[in-house]
Amino acid sequence: MPAIPERQPIADPFTGIVLRLDQTHLLARTPQPGTEVVASGDLVVRYGIQYLDKPHLAIVPGLVALDYGEIITGDEAWDFLLHRSNLHARADVVGYRNDGADEMIVVKLLDPVAPVHVLIYSDTKAVQPVARVSALIAEDTAGIAPRLLDYLPHFESLEAWQRRE
């Protein structure tokens, strides 16, 4: 029997800061006036899939055990969960929830069509996120991971984000 592989949650590096404005967390490259800096430096961005009946919870998948015995990790597991998980509703997803708790949940209890939770971690070993961010504030997106831009709304300035409709 093959060994169970190590968890490999998808992740993207980001050098910048996490800001808080009121109750909202934002990702930015530079400080913004009127905001509080929550974290800064070389950060790790991970992505969570929301629970079906608990929208405040999400799991950052580390591996997926399909119901016929195959185990997948990393980008392959992420792609499976977003695009083919309906074919294997009994598959188990192992990872960490957005509150840092270790979790194993059946695919059919997840909502892969809900917006992806974009979670910021202090480093690659952390299991508890610093924050769930709602938007990216950056004049220039050069060097930012394409996946991050896919899942997080981008605004060129804090003022543009505040004017959004």
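Overview of results
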{"read-out": "Those strands (runs of 3 or more DSSP E) lying entirely in the stretch 46-127 with at least 1 residues loosely packed, with under 13 Cβ neighbours inside 10 Å", "value": "102-106"}
{"read-out": "Single residue of the stretch 139-155 satisfying the filter (modelled with pLDDT of 95 or more and in a loop (DSSP other than H, G, I, E, B)) that is nearest to residue 75 (Cα to Cα)", "value": "145"}
{"read-out": "Neighbours by Cβ (under 9 Å, 6+ apart or cross-chain): first from the stretch 1-18, within 21 Å of residue 130 (Cβ to Cβ); second part of a strand (DSSP E or B) and modelled with pLDDT under 90", "value": "none"}
{"read-out": "Single unsatisfied condition, residue 121 versus (1) free of Cβ contacts under 8 Å to residues at least 12 places away in the same chain; (2) under 12 Å from the mean Cα position of the chain (by Cα)", "value": "(1)"}
{"read-out": "Some residue of the stretch 26-43 being touching a helix residue (DSSP H, G or I) at 6+ places or on another chain (Cβ under 8 Å), assigned to a loop (DSSP other than H, G, I, E, B), among the polar types (S, T, N, Q) and within 18 Å of residue 133 (Cα to Cα)", "value": "yes"}
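The values are calculated or read from the model by the stated rules, or taken from the named source; none is laboratory data. Predicted model, so just to flag it, every value in this text is computed and none were measured. Heads up, the Cβs are rebuilt from the backbone with ideal geometry, glycines too, and the neighbour counts pull from every protein chain shown.
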